[in-house]
Amino acid sequence: MLNIKNLKVRIEGKEILKGIDLSIEAGEVHAIMGPNGSGKSTLANVLAGRAEYEITGGEILFEGKDLTVLAPEERAREGIFLAFQYPVEIPGVSTSYFLKTALNSIREHRGEVELDAFDFLALAKEKMKSLHMDEALLHRSVNEGFSGGEKKKNEVFQMAMLDPKLAILDETDSGLDIDALRIVADGVQQLRDEKRAILVVTHYQRLLDHIVPDVVHVLSGGRIVKSGDPDLAKKLEKEGYGWLLEESGAVAGGGN
Amino acid sequence: MARTAVVKGKIPPWASNHAEISRRRLGNGSTWFDPVREEALRRFEALGLPTTRREEYRFTNLAPLGRVDFRRAEGVKAPIETERIEKLLFGDRAAVELVFVNGVLDEALSSRGDLADGAVVMPLSTAIRERREGVEEHLGRHIGMETNFFAALNTAILDDGLFLHLPDRCILEKPVHVLFHTTTVDQPIAGHPRNLLIANRGSAAVVIESYAGEGETPYWTNAATEAVVGEGSRLTHYKQQLESENAFHISALDVTQSASSRFVTFSISFGASIARSDIRIDLDGEAIESDMNGLFLARGDQHVDHHTTMNHAGPRCESREFYKGILAGRAKGVFTGRIVVCKDAQKTNAFQANRNLLLSDDAAIHTQPQLEILADDVKCSHGATVGRLDEEALFYFRSRGIDPEEAEKMLIGAFAGEVVEKIDLPLLRERVAALVSARLAGGATGKETA
């Protein structure tokens, strides 16, 4: 589904990704781990189409199509969803209005009929129920005054509503307490199926206790230095990144 | 300060002529009204059109007004588009609705429902001719003729408008609506609508003033409203400025509040090529509450200026001022928020905020609070912000599949919404929200006109 080849990315003249190769198939869950500044979030945001990143080499193919020529909204309509590390507060725009507009943009692209307010609400309530979230969220302004946990839950709720082919979670576990982490993780687990690919970007292993990935990649200094099974994540949790960086020859601080 | 000294400007050649016509028409020989008009005549001739050398007009050049040979709007016959006017009406949702087309009451479009006992709602010209109660005591007594050329000119010419007089404890459930519609002809015309609102002790009412117009020819609306808000009374005042974008719109609102009264005013300004509103509220007693809200949208080459004064004369009063501006294209906005707290106005609470959204590089806003605080036990806060659409928010919308144009509309709508939701009348609130959306759909982002 997603094929990244030798991807190089710069921001403000500084090279962050120095040749990433990554391939994810439908039904798979991949985790990207790595120390701070390794380029994890850059990869997530480049896939979503954030403008300030400059692709200087390589390619990103999504279902065989060049993703880099598509605007962010076109990528979303093709089925890419980014759960933000820092979800944006939008005062004055209710979550239901925001999400109904988003969903209908995507449905239109898929050749499906628009949902009216009634059908939208029914669907939203159904999703909220299965995610154990409070319906009141629908009437509140998007993320405004939300706690960190509420914001991340809202990201998962949006993901469930928009039903993407490729879901990217950017540090979705950061700033969550145990209960919120469980709700978020359960939500992601529910979305796991053979048609969907999920890319989990995280600094810590704890989210991966709930969402057990098929493959774990370690990103350091702008390169994937190791890939392995979920045990790799456990080892990183216990021993840190130091051994790996030595083993791979990427010296600490190689991100600079 | 030399800057604040009144510099005499030009007097438009037609002004005295228009006033002379008015003299023959209204109150000629009246022992109380003639002196008011004579005084106004002297004032506007002494002041002349303000120039940008006057501090209060530094950012708003009204010199173009002096170069146009305006004909008196009153009575100018032009084919009216009834449909367009009807869209602005409240019909049976209003207690009384007065519609003036080119300065003359249009009986067919106006309507009158049931009024509470003793409430008087009539054209001001009728009040001047037929009664003295209220009108003699207040007409021309509250408006700032000393320094405001336009208010003096309005008083000297004085076209028709709304007269509202509520006796003690009279409460109007439904709003009173007055619409001034200008339909242009080939020659530019000028009208001077005048309203007088008097709410006696313990009374309550909602008044909506609407200004609209159409046509390619420039015209000038020079409106003035005086409001007297008696002890313990409650008056809510909305003004919708929906003039043609070829028009000039100048207005003055002068309000005198007595103890324990509550006044709310709302300025909605979408139209006109140049719009200037002077709003002054005198809190002349104890424990008064006063709210001044505003929303202005400008695009293309529109220029919109609000000059507000909240004058705290009595103690223990609270005022809140909240203005928002959205500027696109090459539009210019000006906001001046003066808060005066007099020596005796202890325990004053005064809050002011002006937030602006610029949608293009060429749009600009001059915003300045002016605080003059002479009392020592006062809480006063003010803040002005100028911003652009949040790029991070736009990306968030787009990452969910929403078009950037739609995302901008939603963000601008949300920005305006914070003021729109303060409109307590559901029908008016819906209409203003719809106008904001229509404006956005019509390219408020200025891309078409920039």
(message) Using the basic label-point model (7 angstrom from Cα toward the beta carbon), what is the B:A46 to B:E146 distance in nanometres?
(response) 1.1
(request) For an R0 of 41 angstrom, estimate the FRET efficiency from the Cβ-Cβ distance between A:D231 and B:E405 and round to the nearest 0.05. (result) 0.25
(request) Rounding to the nearest 20 debye, state how big the charge dipole of region A:2-248 is about its Cα centre with +1 on each Lys and Arg Cβ and -1 on each Asp and Glu Cβ. (result) 240
(message) Counting only other chains, and only Cβ atoms inside 10 Å, what mean value do you get across the residues of A:69-80?
(response) 4
(message) Pairs of alpha-carbon atoms within less than 8 angstrom and 6+ residues apart define the contacts here; what relative contact order does region A:2-248 have, in percent?
(response) 28
(message) Less than 19 Å apart at the alpha-carbon level, and either on another chain or at least 8 residues along: which lysines does that give for B:K379?
(response) B:K343, B:K347
(message) Please compute, for peptide B:389-395, the average count of beta-carbon atoms on other protein chains lying within 10 Å of each residue's beta-carbon.
(response) 4
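How far, in nm, would the chain grow between B:E107 and B:W14 when pulled straight, counting 0.36 nm per residue and subtracting the alpha carbon separation?
My answer for the length gained is 30.5 nm.
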(message) Looking at chain A as a GNM with Cα springs under 10 Å, which of A:P230, A:P91, A:P213 has the largest mean-square fluctuation?
(response) A:P91
(message) For the pair B:E133/A:E52, report the inter-label distance in nm, with labels modelled 7 Å from Cα in the Cβ direction.
(response) 6.8
(request) Compare the Cα positions of B:P404, B:N61, B:A94 along the charge dipole of chain B (+1 at Cβ of Lys, Arg; -1 at Cβ of Asp, Glu; about the Cα centre) and return the one farthest towards the positive end. (result) B:N61
(message) Under the rule of at least 5 residues apart or a separate chain, name every residue whose amide H is placed under 5 Å from the amide H of B:L49.
(response) B:G9, B:K10, B:I11
(request) For a label point 7 Å from the Cα of B:D361 along Cα→C-beta, name the residues of region B:295-315 whose backbone N is under 14 Å from it. (result) none
(request) Provide the gained length on full extension for the span A:E239 to A:R206, in nm with one decimal, where the gain is 0.36 nm per separating residue minus the Cα-Cα distance. (result) 10.4 nm
(request) Let me know the mean shielding of A:47-53 by other chains, meaning the per-residue number of their Cβ atoms within 10 Å of its Cβ. (result) 2
(request) Could you please report the charge total around B:D69, scoring K, R as +1 and D, E as -1 over all other residues with beta-carbon less than 15 angstrom from its beta-carbon? (result) +3
(request) Work out the length of the dipole vector of the protein assembly as shown about its Cα centre, built from +1 on the beta-carbon of each Lys and Arg and -1 on the beta-carbon of each Asp and Glu, and round it to the nearest 20 debye. (result) 1360
(request) List the residues of region A:202-236 whose backbone N lies under 19 Å from a point placed 7 Å from the Cα of A:E194 along the Cα-to-Cβ direction. (result) A:214-215
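Roughly how many percent of the accessible protein surface of the protein assembly as shown is carbon and sulfur, given a 1.4 Å probe and a whole-percent answer?
Carbon-and-sulfur percentage of accessible area, whole number: 47.
What percent do you get for the relative contact order of region B:2-284 when only Cα pairs under 8 Å and 6+ apart count? All intermediate terms of the calculation are to be shown ahead of the outcome.
Values: 706 pairs, mean separation 45.3, N = 283.
After rounding, I find 16 percent.
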(request) Give me the accessible area buried between chains A and B, both sides summed, with a 1.4 Å probe, in Å² rounded to the nearest 100. (result) 1900
(request) Please report, in debye to the nearest 20, how large the charge dipole of chain B is about its Cα centre when each Lys and Arg carries +1 at its beta carbon and each Asp and Glu carries -1 there. (result) 760
(request) Can you tell me the relative contact order of region A:128-210? Whole percent, Cα pairs under 8 Å, sequence separation 6 or more. (result) 34
(message) Residues of region B:195-226 with backbone nitrogen within less than 15 Å of a virtual label 7 Å along the Cα-to-Cβ line of B:S30, please, listed as ranges.
(response) B:195-197, B:226
(request) With label points built 7 Å along Cα→Cβ from the Cα atoms of B:I373 and A:E108, find their separation and express it in nm. (result) 5.1
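The values are calculated or read from the model by the stated rules, or taken from the named source; none is laboratory data. These figures come from a predicted structure and were not determined experimentally. Cβ: placed from backbone, ideal geometry, glycine included. Neighbour counts: every protein chain shown. Note: areas computed on protein heavy atoms with side chains; ligands, DNA, RNA excluded. Shrake-Rupley method; radii C 1.70, N 1.55, O 1.52, S 1.80 Å.
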